[in-house]
């Protein structure tokens, strides 16, 4: 039986089981208490009355035990509770517990034959053992949240130590990946309100890209393998945050965090290049207050936070040497002189240029390991400086100078939230919450001139209402209405001003030092998006004795105003793949496919709409006292994204498939369908997701638990999926110009003038049914029409799906310790594959007389430049085994340590485009199947919180008590990487935009492990791989690689983050707290993978470091945070 047939059989059986059982009951925002009431002999006590009360708010509920003595309280607000059971002739039993979000906790109560009330202390293993279902839940209480380091105040840090989770320290997605899934698959919610940015499906919000709000978090839970059917939209994990709320007592705090450059270790490579620490200073504050409005009825809580920092950037900047500048000014056309002089003026005035040194041969970041003195690997090396004789570039004259940079810019962000809770009566509770985030992001810091710094204004508002109604003791409904509004517009402050300084953008893929090629520079037109989202969640739970039925719905509607359609317009970009083209001012003069690109949109912004609907039914069945089964089915419907302006333009069918006409005499409007309202030609309908989970305690309460499950999950697609279809021609004409001089229109013969003329011809000729020869004729004599790019979706698009399964054995060691052995696996399919070489061919048959890897020798469709064909045939597989020791709070200590061995593989990149054409779309191939880029085989993660106890001796008590120590440890083995050769695509054709894996010729290179020694001596050398075919080297590589992707491994990752603080009491209810957070406490150098492009500089050398994804200097903003960072803080708490 094939794996596909087996998968379908499993899903069919699960669906039948789920349907037979019809339709659990914690949700994204709540928790549940279940239990059994017995007497001292162990006999159940039916009809016992059970009360549950939250002391902070005096909120209470009552239930009656059924005929089996069982009771249930669903949809409870997380926090401290007191549970009391009573029955005639029996003494009351009382238990005090703490409920965590997403948790279903079992609390069994024993009523004795006594006159006096009995107080029951709940076994703490009840909170550590997960006995009620198969979901994998890691919960974090308020003590943990407040006493462990939260880097940059980013609340996603709370989840970082979850077993099976890997931080994105290279090769991953967003801030972390879960269970090997190679795409953004985590749903972040705050009290049920979606805080995922719908455009990219990541958590980033606000100007720092940190998700602020740590001072507002009461607790959190991370749910993986979420077999309960109410969990949907994202397949990897549900990360649920619960905000603080008011109580019957006023409470709050004031917090200040500070970091300065003198508190930080300098970056490893800064020290290596003798570059001083850049300016870095950060202030992060918070303040909150909460209390009663009406005692026992209404309470409020308000929180504000802010983050302001000077964003440092670090790296190596390469600039053209004085000799190369003089050569270019002498050999480029006279029409290019003006723009070249503007470019060189900016380069020569760059901050730090006084430290620049000539690039020499060597392995340091400021040298060139190729021996070409920064002149690149293409054709420029050996060129005479004076034209015909004497010194030569790359031999005795450098093309580049280089220096280390530490430029910085200012980033600001503020966050404010408010919440009001109101107990309408014993049965109805409601709360309102709204948060607002605003600031200005330092999106990119130019090492050349601050006028080219890119900034982004990013406001974000999230309102929500949560209403719980206990209709009867057994029937409870929970309703959430939430929304958000946000804006992200990114670009330079003064676009016209930067155009005056430099009227075009420049980018280089040839030349420069090991640590970085020639610096790119150019004006960035402000573009981005504004979005609105409305979400409705409703869950209804009905307890029928041993069965708890739950049904629910989750609807999301997004409206996005997208100005990315205007990106790359107004100002064009010159990309040099051969330094010779730059030196002589001619685009593609050497045939290495240097190019000019610029877009010409018909609209400055488009308005798209994305909708998704999910609903489910579930039965949580207590089959036996020690066996809980969960049967559920979820249905997800992704709406076909629409456009208000009917802005979509797409090919009539899959590229080169039956019905697709290619050729110069086929009119463009016969292929491109315009004025379309829907993004996809076809989109699958409802996705049915059956799920099953179980929890079995074979030896009784508080002993061994066996739990697990299997289920299907679908992943929502991001809003940016529409970007490329409304970006097709003619709505957005994006020519690739491979001829012309370096210059600006209206200069005749310049690449930009050709691009503009091509757009004019295309827009006027498209509606008339023009063919390529007609458009070429319209251009005038001697000017070549620049063809547009094309992006093509499959005729029937499918959302990503994941089949997950897991099995766990939990074994209590003591009343406070549990040892867990778990296995988790998944198979994901219908992942999108991007074939960016669908229109590629061999243009130079003299170099490749026998062809290259099966590519055609003529362009498949000469009407287009690069064609990107999307297929939904990608897939991935994951298997992981985890051992975890969890310690429940005891004597001030709580924590956990986990070790995971795992293997994650994926077919996620097209390396051989000939295997993914329309002709063989039904043929399954694993040519690109290999480890994911974040396939970390060994993962050791730990966290702890310890608070010193109160001592009897007054002096010792003042000295040693009230100290808190929190920490997290991350230790990963090395991640894999691939060796590629960018020189090969440039030798094939300009319409080939794919990536080519390098051929290994030395068996010793297979599976190479690269460590710290690769900083000075390359762990791989070019001699171990096939070189590119040239006229003088006809025996170079002629295929798409002879090894699977990610066949080599880089260094591992090790970091410890700690928080140490001292509480200083002032009064009974007030105190000061002083302390410090240390990130990368031991200042361990965490190296990135080596430079792995044979066509680039510094091949085999490691020239950069990696760090934890968030910091007090933001997320993903290139900050100097890889070394130790010390943040000192002070708090006043009342």
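What length, rounded to one decimal in nm, is gained on full extension from residue 475 through to residue 68, with 0.36 nm per residue of separation minus their alpha-carbon distance?
Values: separation 407, 0.36 × 407 = 146.52 nm, distance 1.82 nm.
The span from residue 475 to residue 68 would gain 144.7 nm if fully extended.
Within the P(r) computed for the range 833-932, what percentage of the Cα pairs occupies the region above 23 Å?
Working: 2504 of 4950 pairs.
Of all Cα-Cα distances in the range 833-932, 51 percent exceed 23 Å.
List 204, 678 from most exposed to least, where exposure is judged by having the fewest other Cβ atoms within 10 Å. Before the final figure, lay out the partial values.
Working: 204 22, 678 17.
Sorted ascending by nearby Cβ count, the order is 678, 204.
If you average 1/r over all unlike Cα pairs in the range 816-883 and invert the result, what Kirkwood radius do you get in angstrom?
On the way: mean 1/r = 0.0621 Å⁻¹.
Kirkwood radius, the range 816-883: 16.1 Å.
Assuming 0.36 nm per residue, please report the length gained on full extension of the stretch residue 1070 to residue 901 beyond their Cα-Cα distance. Provide the component values of the computation, followed by the final result.
On the way: separation 169, 0.36 × 169 = 60.84 nm, distance 4.60 nm.
Fully extending the segment from residue 1070 to residue 901 adds 56.2 nm.
Determine the gain in length on full extension of the stretch residue 661-residue 850; use 0.36 nm per residue of separation and subtract their C-alpha separation, reporting nm with one decimal.
Values: separation 189, 0.36 × 189 = 68.04 nm, distance 2.74 nm.
Extra length from residue 661 to residue 850 when fully extended: 65.3 nm.
Quick check: convex hull over the Cα atoms of the chain, volume per residue in Å³, rounded to an integer? Before the final figure, lay out each step's value.
Details: hull volume 190.4 nm³, N = 1134.
Residue-normalised Cα hull volume stands at 168 Å³.
Once both labels are modelled 7 Å past Cα along the beta-carbon direction, what's the residue 532-residue 274 spacing in nm?
My value for the distance between the label points is 6.0 nm.
Dividing the alpha-carbon Rg of the range 652-768 by 2.2 N^0.38 Å yields what? Working shown, then result.
Details: Rg = 26.6 Å, N = 117, 2.2 N^0.38 = 13.4 Å.
Cα-based Rg divided by the globular estimate yields 1.98.
Classify the range 460-591 as rounded, prolate or oblate, taking a ≥ b ≥ c as the square roots of the eigenvalues of its Cα gyration tensor: rounded when a/c is under 1.5, otherwise prolate if a/b is larger than b/c and oblate if not. Please list the in-between numbers first.
On the way: a/c = 5.01, a/b = 3.06, b/c = 1.64.
Prolate shape, in that a/c is at least 1.5 and a/b is the bigger ratio.
Quick one: work out Rg over Rh on the C-alpha atoms of the range 581-726, Rh as Kirkwood radius. It would help to have the intermediate numbers written out before the result.
On the way: Rg = 26.3 Å, Rh = 20.9 Å.
We get a ratio of 1.26 for the range 581-726.
Quick check on the range 716-791: what are the equivalent-ellipsoid semi-axes from the Cα gyration tensor, as sqrt(5λ), descending, whole Å?
Values: eigenvalues 133, 52, 15 Å².
Taking √(5λ) for each Cα gyration eigenvalue gives 26, 16, 9 Å.
Semi-axes of the equivalent ellipsoid for the range 768-861, please: Cα gyration tensor eigenvalues, times 5, square-rooted, ordered largest first, whole Å.
Details: eigenvalues 649, 75, 28 Å².
So the equivalent ellipsoid measures 57, 19, 12 Å along its semi-axes.
On the first, second and third principal axes, largest extent first, how far apart are the outermost C-alpha atoms of the range 294-343 in Å?
83, 25, 11
Starting from the coordinates of the alpha-carbon atoms of the range 808-853, obtain the Kirkwood hydrodynamic radius over all distinct pairs and give the value in Å to one decimal.
On the way: mean 1/r = 0.0598 Å⁻¹.
Averaging 1/r across every pair of different Cα atoms and inverting gives 16.7 Å.
Could you tell me the relative contact order of the range 921-1048? Use alpha-carbon pairs under 8 Å, at least six residues apart, and round to a whole percent. All intermediate terms of the calculation are to be shown ahead of the outcome.
Numbers: 178 pairs, mean separation 36.2, N = 128.
Computed value for the range 921-1048: 28 percent relative contact order.
Rounded to the nearest angstrom and ordered from largest down, what semi-axes does the equivalent ellipsoid of the range 319-405 get from its C-alpha gyration tensor (root of 5λ)? Walk me through the numbers before you get to the answer.
Values: eigenvalues 86, 72, 16 Å².
Over the Cα atoms of the range 319-405, the ellipsoid semi-axes are 21, 19, 9 Å.
Given the convex hull over the Cα atoms of the range 56-103, what projected area results after averaging over all orientations, in nm²? Let's see the in-between values first.
Values: hull surface 16.5 nm².
One quarter of the hull surface, i.e. the mean projection, equals 4.1 nm².
For the range 242-301, what relative contact order do you get, as a whole percent, if you take Cα pairs closer than 8 Å and at least 6 residues apart? Mind dumping the intermediate values first?
Numbers: 87 pairs, mean separation 30.4, N = 60.
51 percent.
Please compute, over every Cα-Cα pair in the range 984-1087, the percentage with a separation greater than 15 angstrom. List each step's numbers first, then the result.
Working: 4094 of 5356 pairs.
Above the 15 Å cut-off, the range 984-1087 has 76 percent of its Cα pairs.
Please arrange 100, 969, 672 by counting, for each residue, the other beta carbons lying within 10 Å of its beta carbon, fewest first.
With the fewest neighbours first, 100, 969, 672 line up as 969, 672, 100.
Rounded to the nearest 500 deg cm²/dmol, what is the calculated helix-only ellipticity per residue at 222 nm for the chain, with -39500 (n - 2.57) per DSSP H run of length n ≥ 4? It would help to have the intermediate numbers written out before the result.
Details: 12 runs with 105 residues, N = 1134.
-2500 deg cm²/dmol, from helical runs alone.
Given Cα positions, please report Rg to Rh for the range 350-506, the hydrodynamic radius being the Kirkwood one.
That ratio equals 1.35.
Can you give the convex hull volume per residue for the Cα atoms of the range 887-977, as a whole number of Å³? Please list the in-between numbers first.
On the way: hull volume 11.9 nm³, N = 91.
Dividing the Cα hull volume of the range 887-977 by its residues yields 130 Å³.
Against the empirical 2.2 N^0.38 Å scaling, what ratio does the C-alpha Rg of the range 213-303 come to? Let's see the in-between values first.
Working: Rg = 21.2 Å, N = 91, 2.2 N^0.38 = 12.2 Å.
Relative to the 2.2 N^0.38 Å estimate, the range 213-303 comes out at 1.74.
Using mean Cβ contacts within 10 Å as the protection proxy, how do 684-694, 948-958 order, highest first? Each step should come with its number before you reach the end.
Values: 684-694: 20.2, 948-958: 11.0.
Top of the packing list down: 684-694, 948-958.
Could you check what % of the DSSP bridge pairs in the chain are antiparallel, to the nearest 5? It would help to have the intermediate numbers written out before the result.
Values: 339 of 367 bridges.
Of all bridge pairs located within the chain, approximately 90 percent are antiparallel.
Can you tell me which of 726-733, 378-385, 502-509 comes out highest on packing, and rank the rest after it, using the mean Cβ neighbours within 10 Å? Walk me through the intermediate numbers first.
Values: 726-733: 24.2, 378-385: 18.9, 502-509: 21.0.
Highest-to-lowest ranking by the protection proxy: 726-733, 502-509, 378-385.
When only Cα pairs under 8 Å and 6 or more residues apart are kept, what is the percent relative contact order across the range 319-405? Write down the numbers at each step before the final one.
On the way: 127 pairs, mean separation 29.4, N = 87.
Relative contact order for the range 319-405 comes out at 34 percent.
Quick check on packing: order 463-473, 181-191, 360-370 by the mean number of other C-beta atoms within 10 Å, highest mean leading.
Numbers: 463-473: 18.3, 181-191: 24.9, 360-370: 20.6.
Per-residue mean Cβ counts within 10 Å order the peptides as 181-191, 360-370, 463-473.
Where a number appears in this text, it was derived from the coordinates with a stated rule and is not lab data. Computed from a predicted model, the values in this text were never measured in an experiment. Because the Cβ atoms are built from the backbone with ideal geometry, glycine has one as well, and the counts that use them run over all protein chains shown.
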